[in-house]
Structure formats: structure tokens, C-alpha cells
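Let me give you the structure first, and then I'll get to my questions.
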Amino acid sequence: MKFLYVISFCFLLSLCVHRDLKGDSNSRGTDIIDEWGRLHPDVKRWPSSNGWKGFKNVADKVHGMGLKFGIHLMAGISTQAYDANTPILDTKTGKAFQQSGKVWHAKDIGIPGRACKWMDKGFMALNVTTDAGKAFLRSLYHLYTSWGLDFVKLDCVFGEDLDVNEITYVSQLLKEFNPSIVFSLSPGVRATPNMARQINGLVNTYRVAGDDWDKWPDVAAHFDIARDFAAAKLIGAQGLNGNSWPDLDMLPFGWLTDPGQDIYIAFFNLSNQARTIYAKLDALAKVLPGRKLKGLQGREVWSLKSVTIGDALSARVVPHGCALFVFDY
């Protein structure tokens, strides 16, 4: 398995980089956009993006390490582009998109009344039924795929923000630009099996729950969701590129009690899907005060694979399986 390096949407925002700016990641007017209203990385955080180069240099570096590269995007159009009423790029002509003698702009396609539920100041839906809306998405993904993406995680487009039109068109664009790109949706607050049936042939993975942190209410919320999707026979249902998986999010142990952790790992083993477990070892050192975990030699019991603890340790676990690492210290 080649592991994935994914850049979160927040690292595109100045507010996540320049701490002297007031506001939070949901504040409007802090995105880095080009003349066509497309988001770009902040050059203070990503110096190699200077000159509108985007993540091309980062992707090349990641690929050189044998890893896959992906980005986390927000659906629709940014409020900043809407406020600036930027023109829409027509990738066929290299000029502003025109139709019926009219030059189309962001305010012609943005829908302020359908703001992203969890980032309502920053993003809104766009009208994908118009040719101008499609032109905007085409220009967006033409740019992003040129950076060398292997993975796209699209947010604010499923569950309570469901937009089948945008999911459908983005899926078509990714197949056209690079069919090997893995297409994922997130989050899935209030997602239903009926919603999943509409999109599971268009995406590779789709979140069916909200963000999952190390709090028992977050854990408990997963039980009914998993039951409903299992009853609908959607766990591992046939879909895009052979399989389209409902995603129950991560396995955060952190501050869960020991019984809570036991219940959670048992629950995920019942979900009949592969998992990648990742541990941040400098945090694990808090469990063993005074002992250094980094640099220890050991083995994975069942595969007998020799491993050395670095900054992090991860394992891909098959359905109903587990990985056990033993280290001497």
C-alpha cells in the first residue's frame, strides 16, 4: 500500500497561516484566489506555490518519496470570489466565459441562500445546471489536477449539504482529467442510505457521519448510522471503480476510557471494511513517562515484519483483522 499525504483545506487560508489576522477559518475575505476566483495555497505557508504554481512542486516531492498526494476542497464557490464577482475562465478559449453575448461572473452562478452548513461565511453552492457553473468547475479541476493529484476529498456536498449535480459533474471531470484519482466526499452529517444510492456510483468513498473525535457522544452516534447502512447493504457496495465505501471516519482513542476504546475497536471490526490505524508516538510517550518510544526495534506479530518506531506508526488492517506490534524497551 502506498500511503497518502493529504493537505487540509485550512492550509489554503491566510487565517490558518497568519496568526496576526483576526477571525477564524470560517471568516470571509481571507482566501487566496486568482483572477478567475479559484483558490490557491497561501505562499507564506507554501513558498513553492509562489507565482501561482499551486501544489505542483509539493506533489512532485511527495511522489518522489513514493507517496500519493491529495487535497481537501470545499464544494461550490468561495464567498470571496462571489463578493469580488470574478469572471469565469473558459478553458477552451483561455478567456472569460461568454454565452449569448454575456460575460459570466461569480454572482451569476453562486447561490448565497445555500451556504455550506459548517462554513457558512466562506462557501456557498453554485448552479451547476448552467453552462457557466460547469465552466467554473471545469476550470477549477483543470487547474488542480494539473498539480498532480491522486486524491480529492470534497467537502460540503453530501449529507445535509447534498448536491448531486456537483458530485456528478466533478466525478465526470476527474474521469476525464485523470481516471485514477480517488474521489471522496466529506462530511456526511445526516447522511442516509437513500442519499448514498444516488452517489455511490460516482465516488470511491463517502463519509456517512460527522467529524469523529475522542468523545463518547461522537462514538455513540456511529452505531445507528452503521446499522442503517449495513441493513441497506451499502457496506462495500459495488460502485465507482469496483467499490464505493461508506466511511465511518477515524478511530480516535485519545481521551476515551479504556472500556470506550474496547467498544470502539470492536465496533469497527464489525463494520466489515479495511482500516488504516495511525498512532502519533510522541503522544503515546505520555502513557509511559520517562521512557522513549522513538527508535525502538520490534516486529508485527502475525506478519513477522520487522519495524522501527519513528515519529509515527501505522498499519493497514483487513476486515475483522488486527495488527499487534511488540517492542522491547
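When you go through (1) within 26 Å of Ala59 (Cβ to Cβ); (2) in contact with a Gly (Cβ under 9 Å, 6 or more places away or on another chain) one by one for Ala191, which number turns out not to apply?
(1)
Of all residues in the stretch 194-214, which are closer than 17 Å to Asp249 by Cβ and assigned to a helix (DSSP H, G or I)?
Met195, Ala196
Any idea which of (1) of a type in the set (A, V, I, L, M, F, W, C); (2) modelled with pLDDT under 95; (3) outside any loop (DSSP other than H, G, I, E, B) is the one Val170 doesn't satisfy?
Just one mismatch for Val170, condition (2).
Something else now. Every residue in the stretch 176-223 that is farther than 25 Å from Cys116 by Cβ, at pLDDT below 90 and either surrounded by fewer than 16 Cβ atoms within 10 Å (Cβ to Cβ) or not assigned by TED's automatic domain parsing to the domain that holds Ile265 (or both), please.
Hits for the stretch 176-223 are Trp216, Ala220, Phe223.
The values are calculated or read from the model by the stated rules, or taken from the named source; none is laboratory data. Every value quoted in this text rests on a predicted model; they were computed, and no experiment measured them. Please note: Cβ atoms are built from the backbone with ideal geometry, for glycine as well, and neighbour counts cover all protein chains shown.
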